[in-house]
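Asks: This structure is in structure tokens; I'll ask about it shortly.
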Amino acid sequence: MKNVRPKKNLGQHFLTDLSVAKAIADTVDACPDIPVLEVGPGMGVLTQYLIDKPRELRVVEIDRESVDYLHEHFPQLDGKVIGGDFLRMDLRQLFEGRQFVLTGNYPYDISTQIFFKMIDNKDLIPCCTGMIQREVAERIASEPGNKAYGILSVLIQAWYRVEYLFTVDEHVFNPPPKVKSAVIRMTRNEVVDLGCDERLFRRVVKTVFNQRRKMLRVSLRQIFSKGAPDGFFEHELMTRRPEQLSIPQFVELTNRVAEVLSMGES
């Protein structure tokens, strides 16, 4: 079977540098002894190195042509190639409810959705590695006070330690993307309870970063349909902009918002 043709509608950019592929595959070694799930294997440039590791491997691929290629070229994966959309899958079914490492050369246009699904399944995914657009990697790894610090930074770092491992140039792909890529690793931290309502935490974070140039006393008002009680917007946090807040401060802010909402103000 001939090589798979990269499809623009699937955001496919096939990695051609084998040394980079091996380096990405080796990022899973930091989380040993549990299975590995590779998303978007394409023609198996990472898969060929993951197969050699002494652990169970399954791959998820939405492209039918790539699935056929994998079946033909990787007989070791018999029964381990899952044709379908990762974003629609029940991840508890993949390894009979066991934890696993998530990895891959992720399509740029859905990488953020993949990581939101990771957060939703954080009890199943203690480690996630892989290659994404460099700009997204920088946002995920950014700390408070930086322009790149945003929704992804807060929501992921609340649950994971983030390592920006290395940058990958455009010329090692077919077709070359218009931006640089980066490889990151996210490993579950010790947090088991944020100390606030997790759903409201997400809502608060997204609300204030959607107006990131405004002070919190302005951006938070849209959460309260009937307004907040006297003094709520006088707290010193309210004079800050979202990129200035640490995760513990976002937790504090969420609890303050929750207190108002519990009073029936919204």
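The values are calculated or read from the model by the stated rules, or taken from the named source; none is laboratory data. This one's a predicted model, so the numbers in the text were calculated from it and none came from an experiment. Cβ sites come from the backbone with ideal geometry, for glycine too, and all protein chains shown count toward neighbours. Heads up: the accessible areas ignore ligands, DNA and RNA and are worked out on the full protein's heavy atoms, side chains in. Shrake-Rupley method; radii C 1.70, N 1.55, O 1.52, S 1.80 Å.
Asks: The stretch 62-155: percent of C-alpha pairs farther apart than 22 Å? Before the final figure, lay out each step's value.
Replies: On the way: 1679 of 4371 pairs.
Summing the P(r) tail past 22 Å for the stretch 62-155 gives 38 percent.
Asks: Now for a different question. Suppose each label sits 7 Å from its Cα in the direction of the beta carbon; what would the Ala148-Met263 distance come out to in nanometres?
Replies: Distance between the two pseudo-spin positions: 4.0 nm.
Asks: Between Thr239 and Glu170, what is the FRET efficiency for a Förster distance of 41 Å, r being their Cβ-Cβ separation, to the nearest 0.05? Don't skip to the answer; put the middle values down first.
Replies: Values: r = 42 Å, r/R0 = 1.02.
The computed FRET efficiency comes out at 0.45.
Asks: Please work out the Cα center distance from the stretch 122-137 to the stretch 14-89, rounded to the nearest Å.
Replies: Answer, in whole Å: 15.
Asks: Would you mind checking which residues have amide H under 5 Å from Val36's amide H? H placed 1.01 Å from N; only 5 or more apart, or other chain.
Replies: Result for Val36 returns Glu56, Leu57, Arg58, Val101.
Asks: Counting only residues 5 or more places away or on other chains, whose amide H sits under 5 Å from the amide H of Arg161 once H atoms are built in the peptide plane?
Replies: Thr187, Arg188, Asn189
Asks: Full extension from Glu135 to Asn121: what is 0.36 nm times the residue separation minus their Cα-Cα distance, to one decimal in nm?
Replies: 2.6 nm is the gain from fully extending Glu135 to Asn121.
Asks: Quick check on the chain: helices-only [θ] at 222 nm, where DSSP H runs of length 4 and up contribute -39,500 (n - 2.57) each and the sum goes over total residues. Nearest 500, please.
Replies: On the way: 9 runs with 79 residues, N = 266.
Mean residue ellipticity at 222 nm (helix-derived): -8500 deg cm²/dmol.
Asks: Quick check on packing: order 170-178, 44-52, 196-204 by the mean number of other C-beta atoms within 10 Å, highest mean leading.
Replies: Values: 170-178: 13.2, 44-52: 20.0, 196-204: 17.0.
Per-residue Cβ counts within 10 Å, averaged per peptide and sorted highest first, yield 44-52, 196-204, 170-178.
Asks: Another question about this same structure. Tell me, what is the percent relative contact order of the chain, built from C-alpha pairs under 8 Å that lie six or more residues apart? Kindly include the intermediate steps, with their values, before the conclusion.
Replies: Numbers: 433 pairs, mean separation 42.7, N = 266.
Value for the chain: 16 percent.
Asks: Continuing with the same structure: Spelling out what I want: for every residue of the stretch 247-252, take phi, set θ = phi - 60°, compute 6.51 cos²θ - 1.76 cosθ + 1.60 (Karplus), and round to whole Hz; glycine and proline get x.
Replies: So the Karplus estimates, Gly and Pro as x, are 4, x, 6, 5, 5, 4 Hz.
Asks: How would you order 31-37, 87-93 from highest to lowest mean count of nearby Cβ atoms within 10 Å?
Replies: Working: 31-37: 17.6, 87-93: 11.9.
Top of the packing list down: 31-37, 87-93.
Asks: Between Arg213 and Asp29, 0.36 nm times their residue separation minus their Cα-Cα distance comes to what? Could the numbers behind the result be given before it?
Replies: Numbers: separation 184, 0.36 × 184 = 66.24 nm, distance 4.02 nm.
Here the segment from Arg213 to Asp29 would lengthen by 62.2 nm.
Asks: Here is a follow-up. Looking at the chain, which Cys residues are left with no other cysteine's beta carbon under 4.7 Å from theirs?
Replies: Isolated Cys, the chain: Cys128, Cys196.
Asks: Moving to a separate point now. If R₀ is 51 angstrom, what is the calculated FRET efficiency for the pair Asp68 and Leu200, using the beta carbon separation as r and rounding to 0.05? Kindly include the intermediate steps, with their values, before the conclusion.
Replies: Numbers: r = 45 Å, r/R0 = 0.89.
That gives a FRET efficiency of 0.65.
Asks: Whenever you get a sec, compute what percent of the accessible area on the chain sits on carbon and sulfur atoms (1.4 Å probe).
Replies: Numbers: 6060 of 12870 Å².
C and S atoms contribute 47 percent here.
Asks: Consider all pairwise Cα distances in the stretch 22-96 and report the whole-number % of them above 13 Å.
Replies: Working: 1765 of 2775 pairs.
Of the Cα pairs, 64 percent sit more than 13 Å apart.
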